[in-house]
Amino acid sequence: MAKDTLWDRDDHTLGKHQVLKAYLEGWFPILGRYNDRIVFIDGFSGPGEYAGGEPGSPKIALDCVKQHKDNGTLLGEVVCIFIEERKDRVEHLKQLVGNQPEVPGVSRQVLHGTFSDHMEEILNYIDEQNTRMAPAFVMIDPFGVKGSEMELVERILSNAKSEVFISFMYEPIRRFRAHDTFEPHLNSLFGSEEWKQCLVMQENDQKKRFLHDLFTTQLKNHGAKYVVNFELWKGNIHEYSIYFATRHEKGCNLMKSAIWKAVPDGSFGFRGHDENQMVLIEDEIDTEPLADHLKNRFGNQPTPIETIDRFIMSDETIYHHGQLRQKTLLRLEKEKRIHVVRPQGGKRGYPPNRGVTVAFL
């Protein structure tokens, strides 16, 4: 085995994998309930595990699939495709995948080569067959800025039920110095040359905000309707961010819920573990900022609960649907800070499609 076939897992990778696992635990049964086939593609899969034996993204996905298959919560066919460029890591991953128990209705492929080449081949085949891609979750997790192309992301998102989970390597971009071989990769990453505007910015916060807004805008210009991101830190250094892009509010809501599980203080910035760091339980989260957000957004005009639901599930707020009713609206109603109108004879609570409106006082 080559010396760096496996490497040590760091804390920010742990944060990424906690979010991935939480999301897939919800994604597989939801999509599997309504579709005969769903696809998981790991575009930069690596060897599948770390030097200490911790699971990498391929094993996290396979374990999640097996759990749902065993529980009967995932009925359709699942296709798992793992792509890796380095031959030594491909061989290690093949052995790792081969050692996993076979699961009925689940196919597993390990492909040697670049993500771009294999993904284009898959999409070209779909175009040639004049068919649609099955619902797909596509991980694009390169080590640097090379390999993540906005044009390819657009092709993936053109399939209505496809989603992408992209590692955005902020630190290499922040430290960028003009170089002929580096610049084309950034043009490809952003799908434009607008990123160059950050080169004259002196303040790191200004540069960070600009690049964040630009990448979010470009994802929406290239097929995404909702974009959610969270940051991964190493000490005081913002190493990179994860961007999740989808066309469906349910996917957006589920990803926000997954991030809250990894980052329960609502900061959407994973900074690793510290024995002195207080771990919060989401049931204990202060939802007062959400209450303020809702009041600022909707004011004291009666608003259908369905409108509030769509807002809370969207990327206009970091909060998710599970934090709305019991944790926020019920408390506000008890404190007489909202006025709720229910149809005559309607039950308490905030059921959708029953004529319920809420005004924030």
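Ordered from highest to lowest accessible area with the whole protein assembly present and a 1.4 Å probe, ARG337, ARG89 read as ARG337, ARG89. Of all aspartates and glutamates in the structure, the ones whose alpha carbon falls short of 20 Å from that of LYS220, not counting any fewer than 8 places away in one chain, are ASP141, GLU149, GLU151, GLU154, GLU163, GLU193, GLU194, GLU231, GLU249, ASP315, GLU316. With a simple spin-label model that places each label point 7 Å from the Cα along the Cα-to-Cβ direction, the separation between ASP10 and THR131 comes to 4.2 nm. Each helix, a run of at least 4 DSSP H residues, gives -39500 (n - 2.57); summed and divided by the residues of the chain, these come to -12500 deg cm²/dmol at 222 nm. Under 5 Å from the amide H of THR114 lies no amide H of any residue 5 or more positions distant or on a separate chain, with H modelled from the backbone and absent for Pro and chain starts.
Quick one: divide the alpha-carbon radius of gyration of the chain by 2.2 N^0.38 Å and tell me what you get. It would help to have the intermediate numbers written out before the result.
On the way: Rg = 21.8 Å, N = 361, 2.2 N^0.38 = 20.6 Å.
Rounded to two decimals, the normalised Rg is 1.06.
At full extension, GLN344 and PHE182 could sit 51.8 nm farther apart than now, given 0.36 nm per residue minus the alpha carbon distance. Between LYS234 and LEU361, the modelled label-to-label distance comes to 5.3 nm, taking each label 7 Å out from Cα in the direction of the beta carbon. To the nearest ten degrees, helix 57-71 and the longest principal axis of the Cα atoms of the chain are 60 degrees apart.
For the options PHE165, PHE115, PHE143, a Gaussian network treatment of the chain with springs between C-alpha atoms closer than 10 Å singles out PHE143 as fluctuating the most. Between ARG310 and LEU330, residue separation times 0.36 nm minus the direct Cα-Cα distance comes to 5.4 nm. Kirkwood analysis of region 91-137, using all unique Cα-Cα pairs, places the hydrodynamic radius at 12.9 Å. Estimated at the nearest 10 Å², the accessible area of GLU151 is 140 Å² with a 1.4 Å probe.
At an R0 of 45 angstrom, the distance between the Cβ atoms of ARG209 and ASN71 translates into a FRET efficiency of 0.55. Of the residues ARG354, ARG86, ARG132, the one with the largest accessible area comes first in the ranking ARG132, ARG354, ARG86, computed with a 1.4 Å probe on protein heavy atoms.
Label-to-label distance for GLU54 and HIS112 is 2.9 nm, based on points extended 7 Å past Cα in the beta-carbon direction. Can you tell me the 0 to 90 degree angle between the C-alpha axis of helix 115-128 and the longest principal axis of the chain, rounded to 10? It works out to around 70 degrees. Normalised by 2.2 N^0.38 Å, where N is the number of residues, the C-alpha radius of gyration of region 1-144 stands at 1.03. If R0 is 56 Å, the Cβ-Cβ spacing of ASN296 and LYS87 corresponds to a FRET efficiency of close to 0.55.
With axes computed from alpha carbons, what is the tilt in degrees of helix 249-262 against the longest principal axis of the chain, rounded to the nearest 10 within 0 to 90? Value to nearest ten degrees: 80. Shape class for region 218-361, computed from the alpha carbon gyration tensor (a ≥ b ≥ c): oblate, with a/c not under 1.5 and a/b at or below b/c. Largest GNM mean-square fluctuation among GLN100, GLN218, GLN202, using the chain with Cα springs under 10 Å: GLN202.
Comparing VAL110, VAL340, VAL145 in a Gaussian network model of the chain where C-alpha atoms under 10 Å apart are linked, the largest mean-square fluctuation is found at VAL340.
The values are calculated or read from the model by the stated rules, or taken from the named source; none is laboratory data. Since the model is a prediction, treat every value here as computed from it, not as a measurement. Cβ: placed from backbone, ideal geometry, glycine included. Neighbour counts: every protein chain shown. We work out accessible area using only protein heavy atoms, side chains counted, and drop any ligands, DNA or RNA first. Shrake-Rupley method; radii C 1.70, N 1.55, O 1.52, S 1.80 Å.
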